[in-house]
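**Student:** First the structure, which I've put down as structure tokens, then a few questions once you've had a look.
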Amino acid sequence: METAYVALEGGRVVEARSRAPGTTRGELVFTTAYTGYEESLTDPSYEEQVLTFSYPLIGNYGVREERFESDRVHPRAVVARELTDDVAEWLTEEDVPAIDHLDTRDLVTGIREEGAMKCGIAAGPDATEEAARAELSECKGMSEHTDIGQQVSVAERHTHNPNGDGPHVALVDCGAKGSITSSLVERGAVVDILPYDATAADVEHLDPDILFISNGPGDPENFTAAHALVEEFVGEVPLAGICLGQQVIAGALDGETEKMDFGHRGVNQPVRDLRSGRVVMTTQNHGYTVSEPGRLEVTQVNVNDDTPEGLESDDLDVITRQYHPEANPGPNDSLDFFDDVLALAEDAELTA
Ligand SMILES: NC(=O)CC[C@H](N)C(=O)O
């Protein structure tokens with residue numbers, strides 16, 4: 001058996017089995033999702049993180065490309081109680097270290113008590129505790145990855161569904177999941193994908209019906225170009241956002257964001273709509289939250305901890321969600337968000 005080591009912030013080193021070799025480092029987080037490992041592992045919002053699955057068996061229905069949310073695996077390493085051969089082979093091909101046969105309950109309890117933490121990993125025939133510790137000592141905090149958008153965004157603008165008869169969406173790709181685009185395209189929208197550092201001139205040139213800021217990794221405060229776009233176009237073009245998109249939009253509209261202790265990652269996070277009282281189960285993957293909504297109204301909250309899950313403004317034509325209405329993985333209960341986004345794009349009466 002090939003060995004692996006995880007060195008944790010605070011000094012502890014945990015021994016495990018190597019399933020895909022290599023040394024790496026990242027912020028250790030966990031997801032409680034019990035299904036949808038292909039979607040989670042290809043979600044760009046996990047960039048620079050080490051993803052622990054609290055569900056004990058990962059890989060039991062194989063690996064199929066049509067379920068991927070992007071063209072590569074984004075976590076820097078993968079941790080589970082038991083990884084199947086299919087997943088281990090996929091991660092080996094992708095050059096992403098993976099480890100199993102460790103007590104993930106203990107790891108998850110540690111993260112819940114102490115918060116998401118830095119870690120270093122060494123896995124494979126040459127793995128040593130020292131190598132894992134050396135990785136840990138090089139590990140940066142998430143907010144220190146100041147240009148993380150560049151690692152996950154498209155380099156050039158491109159258009160999906162150019163002949164669609166629906167509204168024209170300018171989607172700023174801060175690390176967008178593929179299902180966001182497909183959810184819009186399925187509803188007839190023409191979707192222009194713009195790099196994370198698109199300028200106001202780039203957006204003006206497209207003259208979209210709505211400006212949509214995507215999900216993405218790391219600290220929302222590091223997405224300064226998207227922040228500037230929101231400041232520039234608020235009140236002129238309707239705005240929508242998912243996850244990092246909600247955080248960036250709130251931050252640009254006099255709101256604030258902060259880091260959570262261990263975040264929300266899973267597919268059964270309950271969200272209450274404050275107007276209807278309806279609760280839906282949602283997919284989530286975030287470590288930051290909006291702490292002050294600024295010029296926006298909180299319309300939905302997390303049932304567990306009351307953090308803002310939906311922000312809106314009728315006057316400014318803004319609608320955002322902290323969770324992932326596009327699901328993948330997870331429940332489809334909130335897909336109607338995309339109908340609301342496109343209705344806002346069509347009906348907005350902004351005249352500035
Ligand atoms: N999925 C996302 O867009 C995550 C947003 C942000 N990186 C966070 O962790 O809170």
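**Student:** With buried (at least 21 other Cβ atoms within 10 Å of the Cβ) and not β-branched (Val, Ile, Thr) as the only criterion, which of SER291, SER334 stands out?
**Tutor:** It is SER334.
**Student:** Can you pull out every residue in the stretch 249-269 that is closer than 15 Å to LEU296 by Cα and more than 9 Å from the ligand (Cβ to nearest atom)?
**Tutor:** ILE249, ALA250, GLY251, ALA252, LEU253, ASP254, GLY255, GLU256
Residue-by-condition table, conditions (1) in a helix (DSSP H, G or I); (2) of a type in the set (S, T, N, Q):
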{"position": "VAL280", "(1), (2)": "no, no"}
{"position": "ASN285", "(1), (2)": "no, yes"}
{"position": "ASP306", "(1), (2)": "no, no"}
{"position": "ILE319", "(1), (2)": "no, no"}
{"position": "TYR323", "(1), (2)": "no, no"}
{"position": "PRO329", "(1), (2)": "no, no"}
{"position": "ASP340", "(1), (2)": "yes, no"}
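**Student:** If I go through the stretch 215-236 residue by residue, how many of them are outside any helix (DSSP H, G or I) and away from the ligand (no atom under 16 Å from the Cβ)?
**Tutor:** 3
**Student:** Continuing with this model, one more query. Go through (1) buried (at least 21 other Cβ atoms within 10 Å of the Cβ); (2) touching a residue at least 60 places away in the same chain (Cβ under 8 Å); (3) farther than 24 Å from ASP43 by Cα and name the single condition LEU316 misses.
**Tutor:** Looking at each condition in turn, LEU316 falls short on (1).
**Student:** Among the residues in the stretch 331-341, are any in the same structural domain as ILE249 (by TED's automatic domain parsing) and under 30 Å from GLY110 (Cα atoms)?
**Tutor:** yes
**Student:** I'd like to know if the stretch 178-189 contains one or more residues that are away from the ligand (no atom under 16 Å from the Cβ), open to solvent by 10 Å² or more (accessible area, probe 1.4 Å) and of a type in the set (S, T, N, Q).
**Tutor:** Yes, the stretch 178-189 has at least one match.
**Student:** I'd like to verify a number: residues in the stretch 204-238 that are β-branched (Val, Ile, Thr) and surrounded by fewer than 18 Cβ atoms within 10 Å (Cβ to Cβ), how many? Show your work before the answer.
**Tutor:** Step one: of the stretch 204-238, the residues β-branched (Val, Ile, Thr) are 210, 213, 224, 230, 234, 237.
Subsequent filtering for residues that are surrounded by fewer than 18 Cβ atoms within 10 Å (Cβ to Cβ) retains 224.
Qualifying residue count for the region: 1.
**Student:** Please specify each residue of the stretch 141-152 satisfying the condition of being open to solvent by 90 Å² or more (accessible area, probe 1.4 Å) and of a type in the set (D, E, K, R).
**Tutor:** Residue satisfying the conditions is GLU144 alone.
**Student:** State which residue is nearest to ALA176 (Cα to Cα) when the search covers only the stretch 7-39 and only residues that are open to solvent by less than 10 Å² (accessible area, probe 1.4 Å) and within 16 Å of the ligand (Cβ to nearest atom).
**Tutor:** Across the stretch 7-39, the extreme among qualifying residues is GLY36.
**Student:** Could you tell me which of the residues ALA155, ALA123 is exposed (fewer than 13 other Cβ atoms within 10 Å of the Cβ) and aliphatic (A, V, I, L, M)?
**Tutor:** Values: ALA123 fails: exposed (fewer than 13 other Cβ atoms within 10 Å of the Cβ).
Matching residue, one of ALA155, ALA123: ALA155.
**Student:** Given the conditions (1) among the aliphatic types (A, V, I, L, M); (2) over 27 Å from ASN285 (Cβ atoms); (3) buried (at least 18 other Cβ atoms within 10 Å of the Cβ), and given that ALA201 satisfies all but one, which numbered condition is not satisfied?
**Tutor:** Going through the list (1) among the aliphatic types (A, V, I, L, M); (2) over 27 Å from ASN285 (Cβ atoms); (3) buried (at least 18 other Cβ atoms within 10 Å of the Cβ), ALA201 breaks only (3).
**Student:** Moving to a separate point now. For GLU66, state whether it is out of contact with any strand residue (DSSP E or B) (no Cβ under 6 Å at 6 or more places or on another chain) and over 21 Å from HIS286 (Cα atoms).
**Tutor:** Values: out of contact with any strand residue (DSSP E or B) (no Cβ under 6 Å at 6 or more places or on another chain): yes; over 21 Å from HIS286 (Cα atoms): yes.
Taking the combined requirement at face value, the residue satisfies it.
**Student:** Continuing with the same structure: Just to check your reading of the model, which residue among LEU244, LEU239 is touching a residue at least 24 places away in the same chain (Cβ under 8 Å), within 23 Å of the chain's Cα centre (by Cα) and away from the ligand (no atom under 12 Å from the Cβ)?
**Tutor:** On the way: LEU244 fails: away from the ligand (no atom under 12 Å from the Cβ).
Answer to the check: LEU239.
**Student:** To continue, here is another question. Counting only residues that are among the β-branched types (Val, Ile, Thr) and assigned to a loop (DSSP other than H, G, I, E, B), which one in the stretch 40-73 is surrounded by the fewest Cβ atoms within 10 Å (Cβ to Cβ)?
**Tutor:** Step one: filter the stretch 40-73 for residues among the β-branched types (Val, Ile, Thr), giving 42, 50, 52, 58, 63, 73.
Within this subset, residues satisfying the condition of being assigned to a loop (DSSP other than H, G, I, E, B) are 42, 63, 73.
Working: THR42: 22, VAL63: 17, VAL73: 24.
Across the stretch 40-73, the extreme among qualifying residues is VAL63.
**Student:** Let me ask something else. With the structure loaded, tell me whether ASP43 is away from the ligand (no atom under 16 Å from the Cβ) and modelled with pLDDT of 95 or more or whether it fails that test.
**Tutor:** In short, no.
**Student:** Sticking with this one: Among all residue pairs at least 6 apart or on different chains, which show Cβ distances below 8 Å where the first residue, located in the stretch 249-271, is assigned by TED's automatic domain parsing to the domain that holds GLN322 and part of a strand (DSSP E or B) and the second is surrounded by fewer than 16 Cβ atoms within 10 Å (Cβ to Cβ) and among the aliphatic types (A, V, I, L, M)?
**Tutor:** Listed pairs, sorted by first residue: PRO270/VAL279; PRO270/VAL303; VAL271/VAL279; VAL271/VAL303.
The values are calculated or read from the model by the stated rules, or taken from the named source; none is laboratory data. Just so we're clear, the structure is a prediction, and the values are computed from it rather than from any experiment. Here Cβ is always computed from backbone atoms with ideal geometry, including for glycine, and neighbour counts include all displayed protein chains. Ligands, DNA and RNA are excluded from the accessible area calculation, which covers all protein heavy atoms including side chains. Shrake-Rupley method; radii C 1.70, N 1.55, O 1.52, S 1.80 Å.
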